[in-house]
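As structure tokens, the structure follows; a few thoughts come after it.
The values are calculated or read from the model by the stated rules, or taken from the named source; none is laboratory data. Quantities reported herein were computed from a predicted structural model and do not represent experimental measurements. Cβ sites come from the backbone with ideal geometry, for glycine too, and all protein chains shown count toward neighbours. Just so you know, the surface numbers come from the protein's heavy atoms only, side chains and all, with ligands and any DNA or RNA stripped out. Shrake-Rupley method; radii C 1.70, N 1.55, O 1.52, S 1.80 Å.
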Amino acid sequence: MIIFRIQIYILMKTNIISFCLFLVSLLISAQKDLPNDYLSSEFHKSRRDALRQQLPKNSVAIFFANPVRNRANDVDYVYHQDPNFYYLTGYREPHAVLVIFSEDQINDQGNSYNEIIYVQKRNKRAEQWTGYRLGVEGTKDKLGFEMVFNGEAFLNSGIDFSKFDKVLFQAFEDDYRNTRQKADLFDLITAFKTQISYNEILAIENKNDQLENKEANVIQNKAISTDTRILYRLLAGLRQTKTPEELQLLIKAVRISAIGQREVMKAIHSNMSEAEVQGIHEYVYKKYGSEYEGYPSIVGAGNNGCVLHYIENAKMTIDNDLVLMDLGAEYHGYTADVTRTIPASGKFSEAQKIIYDIVYKAQEAGIAASVIGNTLRSPDDAAREIINKELIALGIAKNEKDARQYFPHGTSHHIGLDVHDPSLRGLLEANMVITVEPGIYIPEGSDCDPKWHGIAVRIEDDILITDEGPVNLSYEAPRTSEAIEALMKEKSALNSFKLPKLD
Ligand code: GLY
Ligand code: MN
Ligand code: MN
């Protein structure tokens, strides 16, 4: 008996040891088995060079990493880098500063440089809890920077900001915390404010508001000259047109999102909850390696679809309602923005189909207007003209002004690293990617025939502007009412996915 117990013990022991070895090998292979299709360090460098060429003479631009945001107590939200910072660096960790000089600088050793990045210091204990940090060496190796320091070096950087004609940065959001970590974002921003005598600048700005222009200029000349608006415009100008490398990632994000819509069309049934529908989309995203959603997923059944950014997704059963699904996968930073509206029953009712087909017709007109030389207003004008006319013809709206309440948002915006990507709102050019997303929303209680109440339809596609005309990147998700009904008849693998009932 004892021998038997010893045998069991040895067996358990060896199993535990081999299990531990197995876990370690999994961890090692997981480290190796990472995605390798991120933007290249050459891409980020080319963006810094492009920005540098546009900086005012004798200026310096400072960018801070996004803050870590707290969810509750000792739990933070998943970290997401500031899109401008990511665009220029590829660095995905918090507590970092990027400094770009318009002209070459010479250091004490006589070497010239035109940019510096200060990164989060490596820390064995911290990395055991929250994961690997690139540190100075990793930032040099992986991101191709030459001048890299730990954040602590920025606290006394020795950069003489007073020698520049302009110090450029973006307004501080003031939503960062002072943690116990040395050189956290709070310390970095505080140090920067001290180095540029920020309080003095603010005091002067306040005083200038009360002084005549001439007198104000004299006082301004004594302080470091700063600007918090130029960088937004310069970055918007760069980011609004996508490079081939960016397009590869953005197109992947859009295709993943469209395929998610297809799978849901096959799998959806009236007993599902809004959250369950959301879960199917997001599972498909993960299956394709998308890290996040580009914005909180919107799944609104019936009247809930009338709330433009409805993110509660709390309705327990979608019944036979129309379901408005506006979701976008984020792939390596780039986010899609795709909406489909489908009948949970698999068939549009007569009233639902009338409204749906109007939105489709408006979207077709909007897509046709998404051509080089037009503006973001052009798809909106084209789509709105159709929706206004049809709503008035159906007696839902009394006139164009009244129709606005049923289509209260714009039709187009750029997408990219942000779902609402910055742009200069000028003429459309090749390699811009915009949405075309008309909608009609008729909430319960609207001043029209009740047969229309609770109908909400938005159709949103992501359109690449090209020399040959608009290209619909989200083409894989059916758009016409007929094509949607046909796809919804197909079987889904999820039909046989059964879980035990919980009391
Ligand atoms: N998903 C947000 C929007 O369509 O703009
Ligand atoms: Mn959109
Ligand atoms: Mn959307």
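Results, tabulated for the structure shown:
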| item | result |
| --- | --- |
| Residues that are assigned to a helix (DSSP H, G or I) and farther than 30 Å from Tyr292 by Cβ, drawn from region 361-379 | Lys361, Ala362, Glu364, Ala365, Ala368, Arg377, Ser378 |
| Qualifying residue in region 91-98 (condition: open to solvent by 10 Å² or more (accessible area, probe 1.4 Å) and of a type in the set (Gly, Ala, Ser)) | no |
| Hits in region 324-355 - residues which are of a type in the set (Ser, Thr, Tyr) and either at positive phi or within 16 Å of ligand 2 (Cβ to nearest atom) (or both) | Tyr334, Thr335, Thr339, Thr341 |
| Selection from region 429-455 of residues that are within 15 Å of ligand 2 (Cβ to nearest atom) and within 26 Å of Met265 (Cα to Cα) | Val433, Ile434, Thr435, Val436, Glu437, Pro438, Gly439, Tyr441 |
| Residue in region 467-477 that is open to solvent by 10 Å² or more (accessible area, probe 1.4 Å) and free of Cβ contacts under 8 Å to residues at least 24 places away in the same chain present | yes |
| Hits in region 34-74 (condition: exposed (fewer than 14 other Cβ atoms within 10 Å of the Cβ), charged (D, E, K, R) and part of a helix (DSSP H, G or I)) | Glu42, Asp49 |
| Number of the condition not met by Tyr113 [criteria: (1) in contact (Cβ under 8 Å) with a residue 12 or more places away in the chain; (2) open to solvent by 30 Å² or more (accessible area, probe 1.4 Å); (3) closer than 29 Å to Ser225 by Cα; (4) part of a loop (DSSP other than H, G, I, E, B)] | (4) |
| Per-region count, region 120-156, residues closer than 30 Å to Pro56 by Cα, touching a helix residue (DSSP H, G or I) at 6+ places or on another chain (Cβ under 7 Å) and open to solvent by less than 70 Å² (accessible area, probe 1.4 Å) | 8 |
| Cross-chain or 6+ apart pairs with Cβ under 8 Å, region 371-382 first and more than 14 Å from Gly426 (Cα to Cα), then not basic (Lys, Arg) and not in a helix (DSSP H, G or I) | Asp380/Gly410; Asp380/Thr411; Asp380/Ser412; Asp381/Ala369; Ala382/Ala369 |
| Qualifying residue in region 278-289 (condition: more than 16 Å from ligand 1 (Cβ to nearest atom), open to solvent by less than 20 Å² (accessible area, probe 1.4 Å) and either in contact with a Lys or Arg (Cβ under 7 Å, 6 or more places away or on another chain) or more than 24 Å from Glu485 (Cβ to Cβ) (or both)) | no |
| Residue within region 228-251 that is of a type in the set (S, T, N, Q), at pLDDT below 95, outside any helix (DSSP H, G or I) and closer than 30 Å to Asn84 by Cβ present | yes |
| Qualifying positions in region 483-502 - at pLDDT 95 or above, among the charged types (D, E, K, R) and open to solvent by 90 Å² or more (accessible area, probe 1.4 Å) | Lys489, Glu490, Lys491 |
